[in-house]
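Following: one structure in structure tokens, then a few remarks.
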Amino acid sequence: MTMAELLALPPAVSVSTAARALGIGKDKAYELIKAGHFPAQVIPLGATRRVATASLWDTLGVHPSDSR
């Protein structure tokens, strides 16, 4: 995922999108979530899980204000 793609993400993304940004597979991402070790904030929404983009950026060391 490019920096432009990361910066264009909405406030919360799917686990698949977050996994792609982290360079891991979707199955590994869900495994980490289940174990409580996913490196970004996971938001449970019923049976669905979303990942907070700001938390994902923090994990990746992306600072949108620095890219101006």
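The values are calculated or read from the model by the stated rules, or taken from the named source; none is laboratory data. This one's a predicted model, so the numbers in the text were calculated from it and none came from an experiment. When we count neighbours, we look across all protein chains shown, and the Cβ atoms used for this are built from the backbone with ideal geometry, even at glycine. Surface areas here come from the heavy atoms of the whole protein model, side chains and all, with no ligands, DNA or RNA. Shrake-Rupley method; radii C 1.70, N 1.55, O 1.52, S 1.80 Å.
Scanning the range 28-35 finds no residues that are touching a residue at least 24 places away in the same chain (Cβ under 8 Å) and open to solvent by less than 70 Å² (accessible area, probe 1.4 Å). Name the residues in the range 5-46 that are in contact with a strand residue (DSSP E or B) (Cβ under 7 Å, 6 or more places away or on another chain) and hydrophobic (A, V, I, L, M, F, W, C), would you? Once the filter is applied, which keeps residues that are in contact with a strand residue (DSSP E or B) (Cβ under 7 Å, 6 or more places away or on another chain) and hydrophobic (A, V, I, L, M, F, W, C), the range 5-46 yields Ala12, Val13, Val15, Ala18, Ile33, Ala40, Val42, Ile43. If we scan the range 42-52, do we find a residue that is open to solvent by 60 Å² or more (accessible area, probe 1.4 Å) and part of a helix (DSSP H, G or I)? Checked against the condition, which is being open to solvent by 60 Å² or more (accessible area, probe 1.4 Å) and part of a helix (DSSP H, G or I), the range 42-52 yields no hits at all. A count restricted to the range 14-37 and to residues that are within 10 Å of the chain's Cα centre (by Cα), of a type in the set (A, V, I, L, M, F, W, C) and more than 17 Å from Gly61 (Cβ to Cβ) stands at 3.
Of all residues assigned to the range 9-20, at least one qualifies as being open to solvent by less than 50 Å² (accessible area, probe 1.4 Å), part of a helix (DSSP H, G or I) and small (Gly, Ala, Ser).
Within the range 53-68, which residues are over 12 Å from Val13 (Cβ atoms), in a helix (DSSP H, G or I) and open to solvent by less than 80 Å² (accessible area, probe 1.4 Å)? Thr59, Leu60, Pro64, Ser65, Ser67, listed by residue number.
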